[in-house]
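What follows is a short report on a single structure.
The values are calculated or read from the model by the stated rules, or taken from the named source; none is laboratory data. Keep in mind that this is a model prediction, so the values were computed, not measured. FYI the Cβ positions are ideal-geometry reconstructions off the backbone, even for glycines, and counts take in every protein chain you see.
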Amino acid sequence: MSSKALSHVRICDFTGQLAGAGATRTLAAFGAEVIRVEDPVRQGRWDILRGTGPFKDDRRGIEYSGSFNNTNVEKKGITLNLRTERGRELLSELVKVSDVVSENFAAGVMERLGFGYEALKAIKPDIIYVSNCGFGHTGPYRKWKTWGPIVQAVSGLTFTSGLPDEPPAGWGYSYMDHTGGYYMTIAILMALVHKSRTGEGQWVDMSCTEAGASLNGPAVLDFTVNGRKLRRPGSPNSNRNEWPAMAPHGIYPSRGDDRWIAIACRSDDEWAKLAGLIDRDWSRAPHLAELAGRRDHEDELDALVASFTRLHEEFDLAERIRKLGIPATAVQRPGERIDGDPNTSAWGLWPTVEHSAMGEVRVDGLPVHLSKTDWSIERGAPCLGEHNDEVLGGLLGVSASELEALRDEGVI
Amino acid sequence: MIEPAPAALAGLRVVELAHERIAFAGKLLADMGACVIVVEPPRGAAGRWLPPFVNDEVDPERSLNWWHYNTSKLGVTLDIDDERGRDALRKLVATADFFIESEDPGRLAALSLAPGDLEEVKPDLITISMTPFGSSGPRCDEPATDLTILAGGGPAWMCGYDDHTLPPVRGGGNQGYHTGCHFAVMSGLTALLVRDATGVGQHIDVNMHAAANVTTEAGSYAWLVSGDTMQRQTGRHASSGATMESQIQCRDGRYANTGVPPRQPKEFAAVAGWVRALGLEEEFPEVFLLEMGGQREFIDLTMIGKDEEVTAIFGAGRDAMNLIASKLPAYEFFAQGQERGIPLGVIYSPEEVMSDPHFEDRGFPVVVDHEELGEVVYPGAPYKFGETPWRIQRRAPRLGEHNAVVLRDLGLDEREIADLAGTAPGTEPAAR
C-alpha cells in the first residue's frame, strides 16, 4: 500500500505542550496532515516547549528546542494572527477543508477567539472538534488551570505512586500529559470512525483529570463496594503488588551507586527457584516457602532479598533470574534503555528526523508496528510559519503577492 | 424507554482472548459501543481470580478487577487447547472486525491461530497482539510483569524521592498495561480507518516495553538530544539538576502540588491578595515584595540569583505559598488558590476523587446495575463525546454468560454449545 494510513485526514491543530501536541503527533506519524496554527505575534510561545531545552548544541531560541521537536514531528506549521480580520478569514478557510480541529487551551479560549464549537460548525457542519483541558468545559472547576503534575495530583495518580511513611513520590514526569494526549488521539480517531460511517461530526470535551481518574478502577471499586480506602496506614506501597499478591516483589538495591533491580516472584514455584539461586539458609526457611508466609513477613523478606541483591551487578543478576523464568530487570537509565537495549534498537524505536534548523535529531518512535500501513517519522517539527507558502498558498490558494503583503502586515 | 444515544463504535465487533494485559483495550472499545466478546477458558480467565473481591470472598464472579476491566463486554467460554474450541473460535473470528490478544509469543501460532491463520477465515480482519517485548525480536520470550516493564522501560527510573538511598518507585495501578492498551487502541482505530477506506485488514504488533520507553517525557528526549540523564526527585519532575520542591504538606497533614511557583506579575499580585485575605500580613511582612512583583510590567526569571530584587520577589512567592499551605487544609489550599488564578492541585487518593464536587457535577461517578448487589459506582468517562457518549453498556459478564446467544448465532446447536462449555462454570479455581 503506497499511501500512509491517515493520509486522507487533515487536522487544523492548535495544540501545544505534550498533553495536546502529543496527541496529534501520533496521528501525524500515521500520515495525517497535521497543520499547526501558531501566533506570529508571540512567536508561538503559548506553547512553552517552543524555545525550551534540551538543546542539541549551543544554539538557542524558538527553532532549537529538543522537546518541541520531539512533540511535533511530521507536522506542518503555519502562522495566523487571529487578532486580524484576514487572519480569522484564513482560519475559516482552513477549517472548511479540515476534518478535525484540536486544541488544549484553557476552557473558553477558542470561544473568545470566535472559534468555539458552534462557530466551527457554522463554518464546517461535520467538523470534529476535540478540546482537552484540565477540568473540561463544564462544572465548577472549568476555569481552573492545570499542568501535568496537577492533573496527576487531582486524579489520584500522584497518591498511588509512593512508599509507606513517605510523602507521595508521584510521577517524575507528566504521565498525564502523555496519557491525556493518548486519550485525545483515541477521541479523535473514534470521532473519525463515527464520521466515516454517519457523516456526522461532534465536539469531544476532554477533562484530563477525568482521563487520569479513569486509570484507578480496581482501587475505586474496592472503596465503592468494600468501603476500603487506599489512604490508610501503610498504604500505598506501589513497589509491592496486592492484586495479585506477589512476594518478593519490588525494586532492590544492587552493587554500585544508585543501581537497582526489579524482581517479581509470581508463585511459590518461582520463589523456590529464586531461593535456590540465592542459596542462603534464610531463603530456604519454611515460613517463607508459601505466599501467605512471605506476605506476613514481607518487610523481613524484602530486607533479606536486598541483602543478597546488593552484592551483585544488576544486569547480570537480572539475566540469571530471568533464566529461571522469573520476571526481573535492571532499573534501566535512559542511556541504557535507549542505546544499550536490543529490544528498543531492533524495534526501530528511536528514529532520526531532519529538522530544518536543528539538522538531524533522534526522537521517540511508536511502540507499534502495523503490517501494511506502519508509521514513519522522518521530518522534524516545523519552524514557525515554515509551511505558510505550502498551506496558505498551495492549499488555500492565497497568491504569492498577497502572502508577501500578509507577512508585511503581520497577519502571518 | 428512552433510546440510548448512538455509539461511536456501534457495529464494530471485537473478539478478545481474555488476558489481564489486554483487558483494558477491550474495555476502551466496549464502553464506546463496540460489541466486544471476551473469550475465556471454560474454567474462567485468570483475571477472575485477581483481587480485590467483593467482601474479600475469593470467587470468580466477585473479582472487582474483572468487573472493572470487562464492563460492556459479552463473555463466552471456549477451550482453545481443544480443536473443537479452536473451530468455534475461528467461526467467531469470521464474524469480527478485530481480534485482540496478549498471549505469550508463539502460543497462538502453535495452535494455528496466528494472524496469518485467522486472515484465512476473515481476510479483512484487524488483529492486535500486545506482548511485553513485541511478538518477535531479541527479548520477546522474556517473562515480564507491570513492575518489570515500568522498571526496565524507563518510568521507574524517573520516579521516587530526593533521597536516592530510597529505591526508584513504580507508579501504581498497572499503568504499564494501560499504556500498552492505549497504543493498541490508537493503532487499531487507525487500521480501522484504513479498512474503511480500502477494505484491507492487517496485523498490529504492540510492544509494552517500547510503550513505556516512549512515555517518559524528558527521560528519553533529554538523552536523545543532549545526552543528559534525568534524576528522580520527590513529587516533581526528574531533572538533570536539582529543582525546587513543589509538593507541600498542608495543615491537615495532606499534600498538595504547588505547580509552577509564581512567576508573572499577576501571579505575585494574586498571592499578595491571598496573604492579606487570610490576615497573614503580620506573619509575612514580605508581602510588600509580592506587591512589588505585582506592580512590575515583566519579571525576567533569568535574573534570579543575579538581581537582588527579582531574587527576593521570587523567593517571597515561594515562601508565601508554603506559609499559606501550612494554614489551610489541602482541599482549601487547592480551591482558594485556583479561585485566585493560581494553578494548584490537591493530592487525592483514588476514592476521594469520586466525591469531589466537580467530578460529581460532570457525572464522572457512574452507576452500573449488578442484579445481586444492586447499584455499584464505577469511575466514568475519560472523555465526553457530544453525539456518541461513552457509556458502560452492562456489568462485566459472568462466566459463560453469553455462550448460548453468541455461539448459537454461529450455527452451533445446544449440544455442541454444552459440549464446548466443558467444565461447569467456576467449579475449580483457574490455574494462575
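Observations
- Scan of the range B:159-177 for residues that are of a type in the set (S, T, Y) and either facing chain A (nearest Cβ under 7 Å) or more than 17 Å from A:H249 (Cβ to Cβ) (or both), ordered by number: B:Y161, B:T165
- Those strands (runs of 3 or more DSSP E) of the range A:96-208 in which 2 or more residues are facing another protein chain (nearest Cβ under 7 Å) occupy A:202-207.
- For the range B:386-403, the criterion of being in a strand (DSSP E or B), in contact with a helix residue (DSSP H, G or I) (Cβ under 9 Å, 6 or more places away or on another chain) and within 10 Å of chain A (Cβ to nearest Cβ) is met by no residue.
- Of the residues contained in the range B:150-158, none is found to be more than 7 Å from every other protein chain (Cβ to nearest Cβ) and either within 30 Å of A:T198 (Cα to Cα) or surrounded by fewer than 21 Cβ atoms within 10 Å (Cβ to Cβ) (or both).
- Residue within the range B:305-324 that is touching a residue at least 60 places away in the same chain (Cβ under 8 Å), in contact with a strand residue (DSSP E or B) (Cβ under 9 Å, 6 or more places away or on another chain) and closer than 23 Å to B:R254 by Cα present: yes
- Note on the range A:255-287: among residues that are in contact with a Pro (Cβ under 9 Å, 6 or more places away or on another chain) and in a helix (DSSP H, G or I), the one that is surrounded by the most Cβ atoms within 10 Å (Cβ to Cβ) is A:W271.
- The listed residue being outside any helix (DSSP H, G or I), surrounded by 15 or more Cβ atoms within 10 Å (Cβ to Cβ) and among the aliphatic types (A, V, I, L, M), out of A:L384, A:L406: A:L384
- Scanning the range A:29-48 for residues that are surrounded by 22 or more Cβ atoms within 10 Å (Cβ to Cβ) and within 12 Å of chain B (Cβ to nearest Cβ) yields A:A29, A:F30, A:A32.
- In this entry, B:A34 is excluded by the filter for residues that are surrounded by 22 or more Cβ atoms within 10 Å (Cβ to Cβ) and outside the structural domain of B:V206 (by TED's automatic domain parsing).
- One residue from B:S129, B:S72, B:S63, B:S102 being on the phi > 0 side of the Ramachandran plot and buried (at least 19 other Cβ atoms within 10 Å of the Cβ): B:S72
- Residue within the range B:134-147 that is at the interface with chain A (Cβ under 7 Å from one of its Cβ atoms), buried (at least 24 other Cβ atoms within 10 Å of the Cβ) and in contact with an Asp or Glu (Cβ under 6 Å, 6 or more places away or on another chain) present: yes
- The residues of the range A:313-329 that are buried (at least 18 other Cβ atoms within 10 Å of the Cβ) and either more than 33 Å from the chain's Cα centre (by Cα) or not polar (S, T, N, Q) (or both), listed by number, are A:E314, A:L317, A:A318, A:I321, A:R322, A:I326, A:P327, A:A328.
- Among the residues listed as B:A191, B:A184, B:A210, B:A218, the single one being buried (at least 24 other Cβ atoms within 10 Å of the Cβ) and more than 7 Å from chain A (Cβ to nearest Cβ): B:A184
- A single entry from A:D316, A:D364, A:D341 fulfils the requirement of being among the acidic types (D, E) and at the interface with chain B (Cβ under 7 Å from one of its Cβ atoms): A:D364.
- For the range A:209-222, a tally of residues being facing another protein chain (nearest Cβ under 7 Å) and either of a type in the set (A, V, I, L, M, F, W, C) or under 26 Å from A:A32 (Cβ atoms) (or both) returns 8.
- Residue that is farthest from the chain's Cα centre (by Cα) [pool: residues in the range B:117-152 that are in a helix (DSSP H, G or I) and within 24 Å of B:T216 (Cα to Cα)]: B:G152
- Positions within the range B:59-80 being of a type outside the set (D, E, K, R) and either assigned to a loop (DSSP other than H, G, I, E, B) or not assigned by TED's automatic domain parsing to the domain that holds B:K91 (or both), in sequence order: B:P60, B:N70, B:T71, B:S72, B:L78, B:I80
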